[in-house]
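The values are calculated or read from the model by the stated rules, or taken from the named source; none is laboratory data. Every value quoted in this text rests on a predicted model; they were computed, and no experiment measured them. With ideal geometry, Cβ positions are generated from the backbone for all residues, glycine too; neighbour counts draw on all protein chains shown. Protein only, heavy atoms only, side chains kept; ligands, DNA and RNA dropped before computing areas. Shrake-Rupley method; radii C 1.70, N 1.55, O 1.52, S 1.80 Å.
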Amino acid sequence: MPVSQPIEPLRIPRHVAIIMDGNGRWAKQRSKPRLYGHKVGVDSVQTIVESASELGVEVLTLYAFSTENWKRPADEVGGLMGLLKTYLQRELSRMLKNRIRLTCIGDIEKLPKDVRDVLQKTITDTAENDKLTLNLALSYGGRAELIRAIRTIATEVSAGDINTDDIDENLIDNHLYTAGLPEPDLLIRTGGEARLSNFLLWQASYAEIYFTDVMWPEFREQAFADAIAEYQGRERRFGRTSAQIKSG
Ligand code: FPP
């Protein structure tokens, strides 16, 4: 476990994606309701957005709500939607000041209308910002994203707009919610579990994966710096040998 290793400014991951896990357990350990964990988790979101922006990360994707999360008790779902709406309303001025652009991935048609409206407004108002892209995964599932892409591609093939030979990695990339974004270099999961949970299944093919026991409400600057330092210590080979990488 790296402890307070210095971060190399030139090797900052362009895209960091985070599975923010552990809010419920963190709250339970303190005999508090699960929603309290999510609430303190929003403070971590704010801290990590700021930290990522200061470090020069270009894209920060946060898994805020999965397609599976709709199965949670209605009061927890409602509470999470409320936190999201308040966060967006509260943070707009800071996003404009810090040149943060908000984007989102997922089936946002499923979100309550009031949340969707605030989300759309924030996306529009911050569209010209050019520092960090804060990309929220909302009602997102990697498999659903692939199904959606495959359906669109199949429709284009049957309409004669493209041939099956045109289907390559690039074409698939361009049909995903993440079209236009670089693929994640570093994928972090907090909360002690070691799985992908349907997150960025296609895009994370070559991401460095970092699992930490730190629960999301406690994941702040130092924990983020530790993850980046660990990333910087890894050799990314993309299927090649170490010698090939070293000889450039
Ligand atoms: C996983 O913890 C976390 C979530 C399902 C929601 C994450 C949401 C937030 C941090 C707040 C809203 C987000 C934004 C962007 C304002 P869990 O509940 O599964 O934890 P557990 O595994 O301990 O039960």
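Using modelled backbone amide H atoms (1.01 Å from N, in-plane), which distant-in-sequence or interchain residues come within less than 5 Å of ALA64's amide H?
Amide H to amide H, under 5 Å and 5 or more residues apart or across chains, ALA64 pairs with ALA137.
If ASP75, ASP114 are ordered by their accessible area, calculated over protein heavy atoms with a 1.4 Å probe, which sequence runs from highest to lowest?
I get ASP75, ASP114, largest accessible area first.
Tell me, what ³J(HN,Hα) does each residue in the range 162-172 have, in order and in whole Hz, if you take phi through Karplus 6.51 cos²θ - 1.76 cosθ + 1.60 with θ = phi - 60° and put x for Gly and Pro?
9, 9, 4, 5, 6, 6, 9, 4, 4, 5, 5
Let me check something: with ligands and nucleic acids excluded, how do SER197, SER205, SER51 order by accessible area (1.4 Å probe), largest to smallest?
SER205, SER197, SER51
Whole number in Å², please: accessible area per residue of the chain, 1.4 Å probe, ligands, DNA and RNA not counted.
52 Å²
Going by amide H atoms built from the backbone, whose H comes under 5 Å of the H on THR126, apart from near neighbours?
LEU102
Can you send over the carbon and sulfur percentage of the accessible area for the range 28-137, probe radius 1.4 Å, protein chains only?
Carbon and sulfur together cover 51 percent of it.
Filter the GluC sites (Glu not before Pro) in the range 153-217 to those in DSSP coil with at most 16 other Cβ atoms within 10 Å of their Cβ, and list the result. Please list the in-between numbers first.
Working: sites: GLU156, GLU169, GLU193, GLU208; in loops: GLU193.
Taking the range 153-217 and a limit of 16 other Cβ atoms within 10 Å, the loop GluC sites (Glu not before Pro) found are GLU193.
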